[in-house]
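Just below is one structure, and these are the notes that go with it.
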Amino acid sequence: MTATITPPAGPVQRGAEATYDYLDQRLGLSALLKTNVRKIFPDHWSFMLGEIALYSFIVVLLTGTFLTFFYKPSVTEIIYDGSYLPLRGIPMSEAYASTLNISFDIRGGLLMRQIHHWAALFFVAAISVHMFRVFFTGAFRKPREFNWLIGVSLLVLALLAGFAGYSLPDDLLSGTGLRIAAGIMQSIPVVGTWLVFLAFEGEFPGTAFIPRLYTIHVLLVPGLILALITAHLILVFYQKHTQYPGKGRTNTNVVGYPLLPVYVAKAGGFFFIVFGVLTLISALVTINPIWLYGPYMPDQVTAGSQPDWYIGFLEGALRMMPAWELLIFGYPISLNVLVPALILPGLIFTLIALYPFIEAWVTGDRREHHLLDRPRNAATRTALGVMGLTFYVVLFINGGNDVIATTFDLSINSITWAMRILLILGPWAAFVVTKRICLGLQRRDRDLLLHGRETGRILRLPSGEFVEVHEPVSEERAAILMARQDVRPLPLPPATDADGVRTPGLWHRRVRSRLSQWWYRDDIPAVTPAELAAAQSHIRHELAAAESMGVLPHEPELSEALSRH
Amino acid sequence: MTGRTLRRQPWAAPALLLLTLIGVGALVAAIDAGTQPATASGAPSQTQVAKGSALFAEGCASCHGPAGEGTTDGPSLIGVGAASVDFQVTTGRMPLAAPNVQAMRKPPSYDREETLALAAYVAALGPGPAIPSGSVVDEWRDASVAKGGELFRVNCAQCHNFAGRGGALSDGRYAPSLMSSTPLEIYEAMLTGPQSMPVFADTSLPPESKAEIIAYIENLKQEPNPGGLDLGRFGPVTEGLFLWTAGMGALVAAAIWIGARVR
Ligand code: HEM
């Protein structure tokens, strides 16, 4: 960019310039690009998790389009006569037969199916990991709450898209999944049976549902996802990306690389890596071998009937729930389905969506945050996150209890009981342990700042005492460690004000203040700049004294490190 | 049924020996057993029953009682038939090593001759399903795999999984993988319904259907995987496991690599 010698323009460059000019005069590209192309983005690998989600979604769209050319969303019964011999002559729906055709008679079809399915699984996995990154670093805080909400909607839509897609081939597993879905709808009090009739246009399975699911799967849900991803990325762009604390990074600047060329090059390269890994896995590892499952028949079911992983937590909840049923006015209320399959996910997703607002309410924090938290520095949030994660993982594991039972020679009943107990105790244990670990790390950070880094060198003082030489931590490190600030919990409100008037909303403010004190209760006091300065001058004096006494040989490297502080 | 296909079976020689021993009348009865569970009482040779009796007293009577009448440690064997003994002993389930929720498949403790002697002895205790003849079992070679698949999904998949890889039942019981079962064992399992498996009598599942099911299982054993590694054919659970270990592992490693590659 600072080059002064311009080589004579070759034909390629002349062509490029002409094209650019042509476009610029019509679209006004220059003005648009000038402001945006040099926009700075901070850099960290964990910021690429959202990109994995984005790229797998693109791969899903591309391969899905290919599949629509050959898939037939119809449950009309036909006799299969394709090239997969073990199913020849068997009656099945056109949906299933066309999926077999894609797998065995369309060139590249099986690979496309496998890429589509693997990419869908990666999509949801990447969304989840990305969400945890955003959660544990506090990136959802003001002003990014709306983007968090968009994210939660994307997560729910992704689950919906996946479930709809899983049900389309009309194989034995997808049919079993739909039957469970119908059962869940049916469990809704009062309107359940009616809802099933509406969705399936009659009794399950009927002929209407698969064509309807198809429209939802290829049109409605991807359209919504696309629109929301666009909104999501526009918000990231205009609100600017957050950054981790570090030297020279503040709440009001962004330290990183320009969108062009660095960020675009990286992102483009990463797209091809994701696409490549997905294709490689799909070429080597079978997914959803529907030809082995056979066509869906209502009288058939197979051991190992499972949903894809992202529905696994619901499957686990269903398998865990005791068979309770209520009778209200003579109507049975199937708690055993209603609670795990509707109430529980409803609660989980509502809690996730509201979390940023709940935390802001408890902490009373109304500031804007563009610097991320290191998870240890928000000990209570981190512990709550691990608590939720534990709850989810226990449900998830129980979803595969049958496979675990056969693989490890255990009783499925004892696994289920162990998981029930773990579901209740595990999250609390996870909370306590995580909080302890975070506080331990906070304490270590404080020690590092105040006492310096242990160098491993032992000195013998003239008094005969042995001491270890400490060295102040580097400036870069100190900037990261100093990022934590003490926050004062909300004080308890006075019962009455100066004039003896009862404080309005007293109860509500008391609860909030108690929660806020609980939130910050055990935090290790953060190091103040004054403390840091004092501590460093102390370390320096000690070293200087040791040097002057001749105990410590003069080391230019060390004194240089010292004088920098 | 030709002699050539018969000879391919590892158990053909001893079976032939037995067949000659029990004579033409018994042969007819044994083939008949395919259509109606016959009493294998077709007069097995005295020496064979005597040998079986001795083996039984030594290895089985402690649990099943001196005359097979059953004890607290093992059920009565009167009327279980030769097929049941043959299945239990060739799959190594009997003699039971230690009381457990379920007898495990293990290498057999008796050779073919001894097994047949034990079977002859138990068959003599009371009428029960006989060992199906080689020709009846071998019918799977010409049977329809596709029909067998359908029958398998209706009758067997709910316990043994869609690809015969096994599955969990309640209270620590399980339906084992069928990938190492021989056609004769599969046939006998259907005839006798070991433990929590139901009996598939010829009245409800005729011999042609049994042959089709065996054909399907044999096909499963050697069918290649067009999609690549099969991850054990357990369905979405192992797929999810692969995703969260190798799959996401690779992508996150790539993200870290690119993230570190600045400028
Ligand atoms: C279709 C699914 C999604 C896609 C394609 C996606 C994509 C992205 C991308 C590329 C970024 C910028 C890079 C990064 O920080 O990783 C981002 C940022 C963000 N995402 Fe997502 N995301 C998705 C779902 C979610 C979900 C489920 C949540 C939370 C519930 C979420 C919340 C956020 C937030 C708050 C930011 C701003 C982060 C910051 O500035 O530090 N996103 N998203």
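Is it the case that some residue within the range A:157-172 is over 26 Å from A:Val301 (Cα atoms), open to solvent by less than 50 Å² (accessible area, probe 1.4 Å), within 16 Å of the ligand (Cβ to nearest atom) and in a helix (DSSP H, G or I)?
Within the range A:157-172, the first condition is being over 26 Å from A:Val301 (Cα atoms), and the residues that meet it are A:157-158.
From the residues that got through so far, the ones that are open to solvent by less than 50 Å² (accessible area, probe 1.4 Å) too are A:157-158.
Now narrow it down to the ones that are within 16 Å of the ligand (Cβ to nearest atom): A:157-158.
From what is left, the residues that are in a helix (DSSP H, G or I) are A:157-158.
Within the range A:157-172 (the criterion being over 26 Å from A:Val301 (Cα atoms), open to solvent by less than 50 Å² (accessible area, probe 1.4 Å), within 16 Å of the ligand (Cβ to nearest atom) and in a helix (DSSP H, G or I)), the answer is yes, since at least one residue qualifies.
Kindly establish whether A:Gln243 is open to solvent by less than 30 Å² (accessible area, probe 1.4 Å) and either closer than 22 Å to A:Phe41 by Cβ or away from every other protein chain (no Cβ under 14 Å) (or both). Write out each step before concluding.
Working: open to solvent by less than 30 Å² (accessible area, probe 1.4 Å): yes; either closer than 22 Å to A:Phe41 by Cβ or away from every other protein chain (no Cβ under 14 Å) (or both): yes.
So A:Gln243 fits the description; yes.
What do you reckon, is A:Val218 more than 11 Å from the ligand (Cβ to nearest atom), open to solvent by 40 Å² or more (accessible area, probe 1.4 Å), of a type outside the set (Lys, Arg) and in the same structural domain as A:Glu51 (by TED's automatic domain parsing)? Please lay out each step first, then the result.
Working: more than 11 Å from the ligand (Cβ to nearest atom): yes; open to solvent by 40 Å² or more (accessible area, probe 1.4 Å): yes; of a type outside the set (Lys, Arg): yes; in the same structural domain as A:Glu51 (by TED's automatic domain parsing): yes.
Yes: the conditions hold for A:Val218.
Can you name every residue in the range B:142-173 that is under 15 Å from B:Glu223 (Cβ atoms), more than 8 Å from chain A (Cβ to nearest Cβ) and not aromatic (Phe, Trp, Tyr)?
Within the range B:142-173, B:Gly148, B:Gly164 meet the criteria.
State yes or no: is B:Tyr121 crowded, with 21+ Cβ neighbours inside 10 Å, under 30 Å from B:Phe56 (Cα atoms) and within 15 Å of the chain's Cα centre (by Cα)?
Working: crowded, with 21+ Cβ neighbours inside 10 Å: yes; under 30 Å from B:Phe56 (Cα atoms): yes; within 15 Å of the chain's Cα centre (by Cα): no.
For B:Tyr121, the condition - crowded, with 21+ Cβ neighbours inside 10 Å, under 30 Å from B:Phe56 (Cα atoms) and within 15 Å of the chain's Cα centre (by Cα) - is not met.
Determine the pairs where a residue that is under 16 Å from A:Pro289 (Cβ atoms), located within the range A:300-319, has a partner that is in a loop (DSSP other than H, G, I, E, B) with Cβ atoms under 6 Å apart, the partner being 6 or more residues away or on another chain.
A:Thr302/B:Asn161; A:Thr302/B:Phe162; A:Ala303/B:Asn161; A:Gly304/B:Asn161; A:Gly304/B:Phe234; A:Gly304/B:Gly235; A:Gln306/B:Gly235
Any residue in the range A:130-156 that's on the phi > 0 side of the Ramachandran plot and open to solvent by less than 30 Å² (accessible area, probe 1.4 Å): show its pairings with residues that are of a type in the set (A, V, I, L, M, F, W, C) and more than 9 Å from the ligand (Cβ to nearest atom) at Cβ separation under 8 Å, as long as the two are six or more apart or on different chains.
As it stands, the answer is A:Gly138/A:Ala378, since those pairs meet every condition given.
Which of the following residues is closer than 20 Å to A:Val285 by Cα and open to solvent by 30 Å² or more (accessible area, probe 1.4 Å): A:Phe122, A:Phe104, A:Phe197? Talk me through it step by step, then tell me what you get.
Values: A:Phe122 fails: open to solvent by 30 Å² or more (accessible area, probe 1.4 Å); A:Phe197 fails: closer than 20 Å to A:Val285 by Cα.
None of the other options fit; the residue is A:Phe104.
Looking at B:Met179 and the list (1) within 8 Å of chain A (Cβ to nearest Cβ); (2) closer than 23 Å to B:Asp86 by Cα, which single condition is not satisfied?
Exception for B:Met179: condition (1).
Kindly indicate which of A:Leu292, A:Leu326 is more than 16 Å from the ligand (Cβ to nearest atom), free of Cβ contacts under 8 Å to residues at least 60 places away in the same chain and buried (at least 18 other Cβ atoms within 10 Å of the Cβ). Quick ask: steps written out before the conclusion?
Working: A:Leu326 fails: buried (at least 18 other Cβ atoms within 10 Å of the Cβ).
Being more than 16 Å from the ligand (Cβ to nearest atom), free of Cβ contacts under 8 Å to residues at least 60 places away in the same chain and buried (at least 18 other Cβ atoms within 10 Å of the Cβ) holds for just one of A:Leu292, A:Leu326, which is A:Leu292.
So if I check each of A:Ile180, A:Ile184, A:Ile210, which one is out of contact with any His (no Cβ under 6 Å at 6 or more places or on another chain), outside any loop (DSSP other than H, G, I, E, B), within 14 Å of chain B (Cβ to nearest Cβ) and more than 16 Å from the ligand (Cβ to nearest atom)? Walk me through how you get there before you give the answer.
Working: A:Ile184 fails: within 14 Å of chain B (Cβ to nearest Cβ); A:Ile210 fails: within 14 Å of chain B (Cβ to nearest Cβ).
A:Ile180 is the lone residue from the list that is out of contact with any His (no Cβ under 6 Å at 6 or more places or on another chain), outside any loop (DSSP other than H, G, I, E, B), within 14 Å of chain B (Cβ to nearest Cβ) and more than 16 Å from the ligand (Cβ to nearest atom).
When the range B:155-211 is examined, which residues are found to be part of a helix (DSSP H, G or I) and of a type in the set (A, V, I, L, M, F, W, C)?
We begin by selecting, within the range B:155-211, every residue part of a helix (DSSP H, G or I); these are B:155, B:157-160, B:170-172, B:183-192, B:207-211.
Across the range B:155-211, the qualifying residues are B:Ala157, B:Cys159, B:Leu184, B:Ile186, B:Ala189, B:Met190, B:Leu191, B:Ala211.
Between A:Ala418, A:Ala405, which is free of Cβ contacts under 8 Å to residues at least 12 places away in the same chain, open to solvent by less than 40 Å² (accessible area, probe 1.4 Å) and over 25 Å from A:Gly440 (Cα atoms)?
After applying the criteria, what remains is A:Ala405.
Being assigned to a loop (DSSP other than H, G, I, E, B), within 21 Å of B:Ala67 (Cα to Cα) and of a type in the set (Gly, Ala, Ser) is the filter here, so list the residues in the range B:119-154 that pass it.
Result: B:Gly126, B:Gly128, B:Ala130.
Does any residue in the range A:33-60 that is under 13 Å from A:Ala267 (Cβ atoms) come within less than 7 Å, Cβ to Cβ, of a residue that is among the acidic types (Asp, Glu) and more than 13 Å from the ligand (Cβ to nearest atom) six or more places away or on a different chain, and which pairs are these?
From the range A:33-60, no pairs qualify.
Would you please list the contacts, defined by Cβ atoms under 8 Å and residues six or more apart or on different chains, that run from a residue in the range B:215-240 that is at the interface with chain A (Cβ under 7 Å from one of its Cβ atoms) and open to solvent by 20 Å² or more (accessible area, probe 1.4 Å) to a residue that is of a type outside the set (Gly, Ala, Ser) and assigned to a strand (DSSP E or B)?
B:Gly228/A:Val285; B:Leu229/A:Val285; B:Leu231/A:Val285
Can you name the residue in the range B:245-263 that is at pLDDT 95 or above and within 7 Å of chain A (Cβ to nearest Cβ) and is also surrounded by the most Cβ atoms within 10 Å (Cβ to Cβ) among such residues?
B:Leu251
Restricting to the range A:462-482, name every residue that is in contact with a Lys or Arg (Cβ under 9 Å, 6 or more places away or on another chain) and open to solvent by less than 40 Å² (accessible area, probe 1.4 Å). Give the derivation first.
Initially, the range A:462-482 is screened for residues in contact with a Lys or Arg (Cβ under 9 Å, 6 or more places away or on another chain), giving A:466-481.
Residues satisfying the conditions are A:Val469, A:Glu471, A:Pro472, A:Val473, A:Ala478, A:Ala479, A:Leu481.
Would you mind finding the one in B:Gly148, B:Gly166 that is under 15 Å from the mean Cα position of the chain (by Cα) and either of a type in the set (Asp, Glu) or open to solvent by less than 30 Å² (accessible area, probe 1.4 Å) (or both)? Please lay out each step first, then the result.
Details: B:Gly148 fails: under 15 Å from the mean Cα position of the chain (by Cα).
Only one candidate qualifies: B:Gly166.
Run down A:Ala360, A:Ala341, A:Ala303, A:Ala283 and say which single residue is part of a helix (DSSP H, G or I) and within 13 Å of chain B (Cβ to nearest Cβ).
Numbers: A:Ala360 fails: within 13 Å of chain B (Cβ to nearest Cβ); A:Ala341 fails: within 13 Å of chain B (Cβ to nearest Cβ); A:Ala303 fails: part of a helix (DSSP H, G or I).
Result of the check over A:Ala360, A:Ala341, A:Ala303, A:Ala283: A:Ala283.
Can you tell me which residues in the range A:362-376 are open to solvent by 40 Å² or more (accessible area, probe 1.4 Å), more than 16 Å from the ligand (Cβ to nearest atom) and either at pLDDT 95 or above or polar (S, T, N, Q) (or both)?
Result: A:Arg376, single match.
Just wondering, is there one or more residues in the range A:187-196 that are of a type in the set (Gly, Ala, Ser) and more than 16 Å from the ligand (Cβ to nearest atom)? Steps first, please.
Just the residues of the range A:187-196 that are of a type in the set (Gly, Ala, Ser), to begin with: A:187, A:192.
Within this subset, residues satisfying the condition of being more than 16 Å from the ligand (Cβ to nearest atom) are A:187, A:192.
Checking the range A:187-196: at least one residue is of a type in the set (Gly, Ala, Ser) and more than 16 Å from the ligand (Cβ to nearest atom).
Check the range A:130-145 and report whether any residue there is in a helix (DSSP H, G or I), away from the ligand (no atom under 16 Å from the Cβ), more than 13 Å from every other protein chain (Cβ to nearest Cβ) and among the aromatic types (Phe, Trp, Tyr). Show your work before the answer.
The first filter runs over the range A:130-145 and keeps only residues in a helix (DSSP H, G or I), leaving A:130-136, A:145.
Subset that is away from the ligand (no atom under 16 Å from the Cβ): none.
No, the conditions are met nowhere in the range A:130-145.
Can you name every residue in the range B:94-118 that is surrounded by 15 or more Cβ atoms within 10 Å (Cβ to Cβ) and part of a helix (DSSP H, G or I)?
B:Arg112, B:Glu114, B:Thr115, B:Leu116, B:Ala117, B:Leu118, listed by residue number.
Mind listing whichever residues of the range A:504-531 are touching a helix residue (DSSP H, G or I) at 6+ places or on another chain (Cβ under 9 Å) and surrounded by 14 or more Cβ atoms within 10 Å (Cβ to Cβ)?
Of the residues in the range A:504-531, the ones touching a helix residue (DSSP H, G or I) at 6+ places or on another chain (Cβ under 9 Å) are A:512, A:515-516, A:518-527, A:531.
Within the range A:504-531, A:Arg512, A:Leu515, A:Ser516, A:Trp519, A:Tyr520, A:Asp523, A:Ile524, A:Ala526, A:Val527, A:Glu531 meet the criteria.
Keeping to the range A:246-280, report how many residues are open to solvent by less than 50 Å² (accessible area, probe 1.4 Å) and part of a helix (DSSP H, G or I).
15
The values are calculated or read from the model by the stated rules, or taken from the named source; none is laboratory data. Small disclaimer: the values here were computed from a predicted structure and weren't measured. Using ideal geometry, Cβ is built from the backbone for each residue, glycine included, and neighbour counts are taken over all protein chains shown. Quick note on the areas: whole protein, heavy atoms, side chains included, nothing else; ligands and nucleic acids left out. Shrake-Rupley method; radii C 1.70, N 1.55, O 1.52, S 1.80 Å.
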